[in-house]
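To start, the structure itself, in C-alpha cells.
Each value in this text was obtained by applying a stated rule to the coordinates, not by laboratory testing. What you are looking at is a predicted structure, and each value in this text was computed from that prediction instead of being measured. Here Cβ is always computed from backbone atoms with ideal geometry, including for glycine, and neighbour counts include all displayed protein chains.
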Amino acid sequence: MENYHQGYVQIECPSRYGIKLPNKLCPDMLPDIYVGNNPIELQEFYYSSQGKGHRSSYSYRPTISIEINTSHLLSPLKNKLHKHDYFELILVASDQFEMQIESQLCEFNKGDVCILNRSTRHSEYFKPEGKVFYFALSSEYLFNWPREAGMSLQRSNLLTKFFAKGLRDTLQQNKDFIAFRYTNQEVIPPLHRIIVDIRKEFEDKQPGYQLFIRGLLYRMFCILTDSECYETEYVDLGSDGGFSLAFSAKQILDKSKRRMTTLEIAERLNYNGEHISRIFKKHYGYTISEYNRLICLRQAATMLCDTSQQIQKICKQLGFVNRTHFYSLFEQEYGCTPAEYRRKSNTRM
C-alpha cells in the first residue's frame with residue numbers, strides 16, 4: 001500500500017466479527033471491502049474535519065463497523081476511478097458532495113440521490129463533515145425483484161429501463177447513471193426515515209426482515225420517481241466525444257482561479273494529461289495552459305480593481321513564481337502594467 005503516493009487510509013480497528021482487515025487500505029478499496037456476494041447492502045460513511053472517518057456496513061451478515069484515520073494525508077480524501085459489479089445508489093446526507101462520474105464532474109446537494117450502473121466508473125471526493133449512504137444492489141437482487149401488484153417497478157419507466165439495460169449488459173459497457181435532484185424540503189425526512197428503518201431491520205434480523213427491506217426500498221424508489229419531490233436526469237456518457245472530460249477540466253480551472261499544470265488536472269480527473277489536452281483544445285480552441293493563463297490574468301485584473309493588495313501578493317496568490325513573467329503576460333493581455341491598470345481603474349471610479 002505504500003506505493004500509492006502514501007495515499008492510504010489507516011484502519012484503526014482492523015478486525016470485526018472474524019473479518020480481518022489490513023491496517024492500511026487504499027481509498028479506492030473502501031466502497032468494496034465488504035460487499036462480496038451479498039445481494040444487498042447498506043453502507044453509511046461519515047468523514048470528520050479532523051480526518052477521521054466511520055464506515056458501517058449493514059447486510060444479511062452481522063453488522064461491521066470500522067474507523068479510519070486520514071489525518072496524515074496532505075490532500076482531501078478521495079478514491080480512484082472505480083466501478084463495481086453491482087448497482088450503487090448513493091444518498092447525500094450532508095450539504096454538498098462532489099463526485100467524478102467517468103469524465104464528468106458532478107455536484108450533489110443534501111437529499112440528492114444518484115444511481116450508478118455497474119459499468120460506470122466514478123470517484124468520490126469526501127469533504128469534512130460529509131455523510132453519505134450507499135446501497136449496493138446486486139444483479140441477483142434485481143433479477144429476483146417481486147413482480148406482483150404493488151411492488152412492480154413498471155410505474156417508473158425510467159428505473160425499469162435503466163435496470164433492465166444494465167442487467168442485459170453482460171460485457172458491462174454502458175456508461176450511464178440517473179441523478180435525482182430533490183425539489184421539496186419535506187422529502188428529506190421520509191428518505192432518512194426509510195434508511196433508519198432498513199438499518200434497524202438489518203440489525204435486528206427478525207423473521208421476514210428481508211421482505212420488509214424490499215418493501216422499504218420500493219418506497220424509496222416511489223419517492224424518487226415522484227415528480228413533485230424529485231427532478232430526474234438520465235445521463236448516458238457512452239459517446240460524448242470527450243466533451244464532458246473537457247468541461248470537467250474547464251470547471252476545475254474556472255473554480256481554482258490560480259496557476260495549474262496539466263499534470264494537476266490529469267491527477268484530479270484520473271486521466272492521461274496528453275489526452276485531456278487534446279480534448280480540451282478540440283472543444284474550446286485553447287490549450288489548457290492558454291486557458292489557465294487567461295483565467296488567472298482576468299482574476300488578477302479583478303483583484304487589482306477590487307482590492308488594495310500589493311501586486312506582489314496578488315502575483316503569489318495566483319501561483320506566479322516569476323513576477324517579471326507575470327508582468328510581461330499581463331501587459332500582453334491588457335496593454336499596460338498591473339500598476340497602470342489599477343491606476344486607470346481608480347481614476348474611472
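Things to note:
- Given charges at Cβ of Lys, Arg, Asp, Glu: region 78-184 dipole, positive-most of M99, G130, Y141: Y141
- With the simple spin-label model, which puts each label point 7 Å out from Cα in the Cβ direction, the Q251 to K313 separation comes to 3.3 nm.
- Theoretical gain in end-to-end length, E340 to K80 [0.36 nm per residue, Cα-Cα removed]: 89.0 nm
- Length-normalised contact order for region 75-154 - Cα pairs under 8 Å, 6+ apart - percent: 39
- For the peptides 229-237, 88-96, the ranking by packing is 88-96, 229-237, with the highest mean count of neighbouring Cβ atoms within 10 Å listed first.
- A Cβ-based charge dipole, computed about the Cα centre of region 243-348 with Lys and Arg at +1 and Asp and Glu at -1, lands at about 220 debye.
- Trypsin sites (Lys or Arg not before Pro) restricted to DSSP loop in region 48-152 with at most 15 other C-beta within 10 Å: K80, K110, R147
- Length gained when the stretch F243-L263 is fully extended (0.36 nm per residue, less Cα-Cα span): 5.3 nm
- The HN-Hα couplings worked out from phi for region 201-212 by the Karplus form 6.51 cos²θ - 1.76 cosθ + 1.60 (θ = phi - 60°) are 4, 5, 6, 7, 6, 6, x, x, 4, 4, 5, 4 Hz, whole numbers, x standing for Gly and Pro.
- Simple rule: put +1 on each Lys or Arg Cβ and -1 on each Asp or Glu Cβ in region 244-324, find the dipole, and look at S308, N272, Y286; the Cα lying farthest toward the positive end is S308.
- Here the calculated FRET efficiency for E140 and F212, from their Cβ-Cβ distance with R0 = 25 Å, stands at 0.85, rounded to the nearest 0.05.
- Members of K110/K131; K257/K313; K110/K257; K131/K250; K83/K175 lying beyond 19 Å, as alpha-carbon distances in this model show: K110/K257; K131/K250
- Spin-label pair E98-S227: with each label point 7 Å from Cα along the Cα-Cβ axis, the two points sit 3.4 nm from one another.
- Area projected by the alpha carbon convex hull of region 243-348, averaged over all directions, nm²: 6.9
- Estimated inter-spin distance, S328 and K282, nm [label 7 Å along Cα→Cβ]: 3.3
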